[in-house]
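One structure is given below, encoded as structure tokens.
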Amino acid sequence: TLHTGMHNPDGGYENDCSVARLAYNRFMLMSPSIQQMRSKTWIMHHLPKDGSVYLQDVTSLYTTLCITGPNSPNLLANLTDIDITDKTFPHFTCRHLNIGCAPDVLTMSMTHTGELGYVMYIPSEFALHVLDSIEEAGKDLGVKHCGYYAMHAVRIEKFYALWGQDLDSKSTPYECGRAFRVKLESTNSSSRDIDFIGRDAFIRQKKEGIKKILVMLLLDAADHDVEVDQWPWGGEPIFRDGTYAGRVTTSAYGY
């Protein structure tokens, strides 16, 4: 499993996603829910004309549950019949596990909050059973429900960018600290350069330099009047020495 992007000819993100290889010629692509139709449409526009690639939207077939935090390996071990270790289930890999009485649940060793955890893609008919199993198995581990805004706060603390808020079709990997996800050349000496949409734009930007960059700002509570605004919402202008220097993308309270 890896995080990657789908880019337009200018190098901007059309889709920010994760891809899991399930078999030699079978892949599952996961992207934020706001990108479901965008992802599908973008891929459809670029499928080979010879019909050699088949695309299926399976969003409605699965319910996604995440377990996150330092006790998540112990919790997953209580739910399934294999030992959960770095050797049996390394980070950024996926495998099918029996969770409780739910068979073959696609489970990925990754999180969107930058810490230990797993993402489970559960056939929807087993979703409530798996949720009940998680709650039962996690009683002694202090398991708690985590809402979307809590995850939002944690991913901002880790400086994890989100498409549609921090990234868009005009943001490139070099502008948001994701240059390490761009692979221009194969590590196999017998292979040539890797061709993909946006490659020329990346090479050009590397030569010409970066004109804008995504950074993290820490707002001191002493400098923020909660009587005027409870907290920053995003979109606020940023001034440096009295000169407009950019704008806030997303923000959250840091606990």
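Remarks
- Answer from Val182, Val215, Val248 - the residue that is open to solvent by less than 100 Å² (accessible area, probe 1.4 Å), hydrophobic (A, V, I, L, M, F, W, C) and in contact with a strand residue (DSSP E or B) (Cβ under 8 Å, 6 or more places away or on another chain): Val248
- Single residue of Asp104, Asp132 found to be without any contact (Cβ under 8 Å) to a residue 40 or more places away in the chain, acidic (Asp, Glu) and touching a His at 6+ places or on another chain (Cβ under 9 Å): Asp104
- Of everything listed in (1) more than 18 Å from Gly235 (Cβ to Cβ); (2) in contact (Cβ under 8 Å) with a residue 12 or more places away in the chain; (3) among the hydrophobic types (A, V, I, L, M, F, W, C), the single unmet condition for Ala161 is (1).
- Within the stretch 65-94, tally of residues that are of a type in the set (Gly, Ala, Ser) and in a loop (DSSP other than H, G, I, E, B): 1
- Annotation note: of Gly138, Gly177, the sole residue that is more than 14 Å from the chain's Cα centre (by Cα), of a type in the set (Gly, Ala, Ser) and either closer than 23 Å to Phe89 by Cα or surrounded by fewer than 13 Cβ atoms within 10 Å (Cβ to Cβ) (or both) is Gly138.
- Residues satisfying the stated conditions in the stretch 218-239, i.e. under 19 Å from Leu167 (Cα atoms) and over 21 Å from the mean Cα position of the chain (by Cα): Pro232, Trp233, Gly235, Glu236, Pro237, Ile238
- Being under 18 Å from the mean Cα position of the chain (by Cα) and exposed (fewer than 13 other Cβ atoms within 10 Å of the Cβ) holds for only one residue in Gly147, Gly242, Gly164, and it is Gly147.
- Being open to solvent by less than 90 Å² (accessible area, probe 1.4 Å) and either over 25 Å from Gly235 (Cα atoms) or within 21 Å of the chain's Cα centre (by Cα) (or both) is a property that Leu128 lacks.
- Annotation: of all residues in the stretch 25-64 being part of a loop (DSSP other than H, G, I, E, B) and touching a residue at least 40 places away in the same chain (Cβ under 8 Å), the one that is most open to solvent (accessible area, probe 1.4 Å) is His46.
Results for (1) free of Cβ contacts under 8 Å to residues at least 60 places away in the same chain; (2) closer than 24 Å to Asp16 by Cβ, shown as yes or no for each residue.
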site: Ser171; (1), (2): no, yes
site: Asp195; (1), (2): yes, yes
site: Val215; (1), (2): yes, yes
site: Asp223; (1), (2): yes, no
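- Every residue from the stretch 65-97 that is open to solvent by less than 70 Å² (accessible area, probe 1.4 Å) and polar (S, T, N, Q): Thr68, Asn71, Ser72, Thr80, Thr85, Thr88, Thr93
- Test: Thr111 is open to solvent by less than 20 Å² (accessible area, probe 1.4 Å) and in contact with a His (Cβ under 8 Å, 6 or more places away or on another chain): no
- Taking the criterion of being open to solvent by 40 Å² or more (accessible area, probe 1.4 Å) and not in a strand (DSSP E or B), the residues of the stretch 1-24 that qualify are Pro9, Asp10, Tyr24.
The values are calculated or read from the model by the stated rules, or taken from the named source; none is laboratory data. Everything quoted here is computed from the prediction, not taken from an experiment. All Cβ positions, even for glycine, are placed from backbone atoms using ideal geometry, and neighbour counts span all protein chains on display. What goes into the accessible areas is simple: the full protein's heavy atoms, side chains included, and nothing from ligands, DNA or RNA. Shrake-Rupley method; radii C 1.70, N 1.55, O 1.52, S 1.80 Å.
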